[in-house]
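Undergrad: The structure follows.
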Amino acid sequence: MIEERVPTVQEASYSAGDHMSQNPIVFRYIDSALAIVLTGEGRYRKDAVEISNMNGFVSHTAGQFYIDRRQRASRYNRGWMLLVSEVTRRVQAFEAESDGEALKSKDLVLALLGWSPEPFSRETYTPGHVTCTGLVLSPDRNQILLVHHRRLNRWLLPGGHCESDDSTIASVAQREVKEETGVVLLENAAPLVGIDVHPIPAKHREPLHLHHDLIFAFQAKSLSTQCSPESRDVRWCPLTDFDRYELPAPIRRAAGRALR
């Protein structure tokens, strides 16, 4: 493995040796938990990054950043039924109009899918991994289903990590919804209504990392639910009570798209 240590500044250029590239490598922070490495013609947009000739992801250890070329291992995502190409197409087709936060998250998810050897594995911490969430509308489409998360101690949408036997990316969200709430869903198509990349605090052996969360919309057959051990409570939230449950902006915007 070849490591090149670089200054931890907001944006820096570093000329690597022939083992990497003849072009400078540009390091740019995306946020406090993630930096992306580009070579050659790295082109920047406001609040987002366009990837060109990426060499690898930057790892963070003891306040230092370095290139970890092990991140360029096999691109075949062995042992998973989920296909990177299919998930990439779903994400590329997502339209966020003027939602700058969702557009930035979309670019970060596409970067992860394009360059991480294991983008669906919950053990990929640099920079993180794909997760899926379900936004469930009530039968009358006037409420959404929330769970009170034990670890985070707040009201959120049900969701979680991918598993190796998940057949489609939307089925990840569907499985998590059923496991956490017991709700019965209509067998309708599940559109992608939100993308939200956010940091997850370090805990035990898990370092600080990013969840690249894909939010899919579903509709329930009935209001019947059952709380799982992962949650303190399951509750239907009227569309007028988002402030009461202190729902974050990405959930509110995803709900708006689900109702169109």
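Undergrad: Give me the pairs: first residue in the stretch 189-200 and assigned by TED's automatic domain parsing to the domain that holds GLY100, second residue assigned to a strand (DSSP E or B) and among the acidic types (Asp, Glu), beta-carbon distance under 9 Å, and six or more apart or on different chains, which are they?
TA: Hits for this filter: GLY194/ASP213; ILE195/ASP213; ASP196/ASP213; VAL197/ASP31; VAL197/ASP213; HIS198/ASP213; PRO199/ASP31; ILE200/GLU206.
Undergrad: Out of curiosity, is ARG151 part of a strand (DSSP E or B), out of contact with any Leu (no Cβ under 9 Å at 6 or more places or on another chain), closer than 29 Å to TYR125 by Cβ and at pLDDT below 95?
TA: It is false that ARG151 is part of a strand (DSSP E or B), out of contact with any Leu (no Cβ under 9 Å at 6 or more places or on another chain), closer than 29 Å to TYR125 by Cβ and at pLDDT below 95.
Undergrad: Consider THR225 against the criteria (1) of a type in the set (Val, Ile, Thr); (2) in a loop (DSSP other than H, G, I, E, B); (3) closer than 25 Å to GLU97 by Cβ: it satisfies all of them except one. Which criterion is unmet?
TA: Here THR225 clears every test but (3).
Undergrad: Can we say VAL197 is under 15 Å from GLY256 (Cα atoms), crowded, with 23+ Cβ neighbours inside 10 Å, of a type outside the set (Ser, Thr, Tyr) and in contact with a helix residue (DSSP H, G or I) (Cβ under 9 Å, 6 or more places away or on another chain)?
TA: No: the conditions fail for VAL197.
Here's the yes/no breakdown for (1) of a type in the set (A, V, I, L, M); (2) modelled with pLDDT under 95; (3) touching a Cys at 6+ places or on another chain (Cβ under 7 Å); (4) closer than 21 Å to ARG141 by Cβ:
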| site | (1), (2), (3), (4) |
| --- | --- |
| ASP165 | no, yes, no, no |
| GLN174 | no, no, no, yes |
| THR181 | no, no, no, yes |
| ILE195 | yes, no, no, no |
| PRO201 | no, yes, no, no |
| HIS204 | no, yes, no, no |
| HIS209 | no, no, no, no |
| HIS212 | no, no, no, no |
| PHE216 | no, no, yes, yes |
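Undergrad: Okay, moving on. Of these, THR88, THR131, which one is in a strand (DSSP E or B) and closer than 17 Å to ASP196 by Cα?
TA: THR131
Undergrad: Here are some residues: LEU185, LEU152. Which one is under 28 Å from GLN92 (Cα atoms) and either in contact (Cβ under 8 Å) with a residue 40 or more places away in the chain or assigned by TED's automatic domain parsing to the domain that holds TYR245 (or both)?
TA: Exactly one of LEU185, LEU152 is under 28 Å from GLN92 (Cα atoms) and either in contact (Cβ under 8 Å) with a residue 40 or more places away in the chain or assigned by TED's automatic domain parsing to the domain that holds TYR245 (or both), namely LEU185.
Undergrad: Just name the residue that is surrounded by the most Cβ atoms within 10 Å (Cβ to Cβ) out of those in the stretch 228-242 that are within 24 Å of the chain's Cα centre (by Cα) and either free of Cβ contacts under 8 Å to residues at least 12 places away in the same chain or not in a strand (DSSP E or B) (or both).
TA: Step by step, filter the stretch 228-242, then rank; the result is PHE242.
Undergrad: Inspect the stretch 248-257 for any residue being without any contact (Cβ under 8 Å) to a residue 12 or more places away in the chain, over 18 Å from the mean Cα position of the chain (by Cα) and over 29 Å from ARG90 (Cα atoms) and give the result as yes or no.
TA: No, the stretch 248-257 contains no residue that is without any contact (Cβ under 8 Å) to a residue 12 or more places away in the chain, over 18 Å from the mean Cα position of the chain (by Cα) and over 29 Å from ARG90 (Cα atoms).
Undergrad: While we're looking at this one, here's another question. Look at LEU208 and say whether it is in the same structural domain as VAL234 (by TED's automatic domain parsing), among the hydrophobic types (A, V, I, L, M, F, W, C) and more than 21 Å from GLY256 (Cβ to Cβ).
TA: yes
Undergrad: Further question: Working only within the stretch 154-185, note down all residues that are of a type in the set (A, V, I, L, M) and part of a helix (DSSP H, G or I).
TA: If the condition is that a residue be of a type in the set (A, V, I, L, M) and part of a helix (DSSP H, G or I), then ILE169, ALA170, VAL172, ALA173, VAL177 are the ones that fit.
The values are calculated or read from the model by the stated rules, or taken from the named source; none is laboratory data. Just so it is clear, the model here is predicted, and its values are computed rather than measured. Note: ideal-geometry Cβ built from the backbone for every residue, glycine included; neighbour counts use all protein chains shown.
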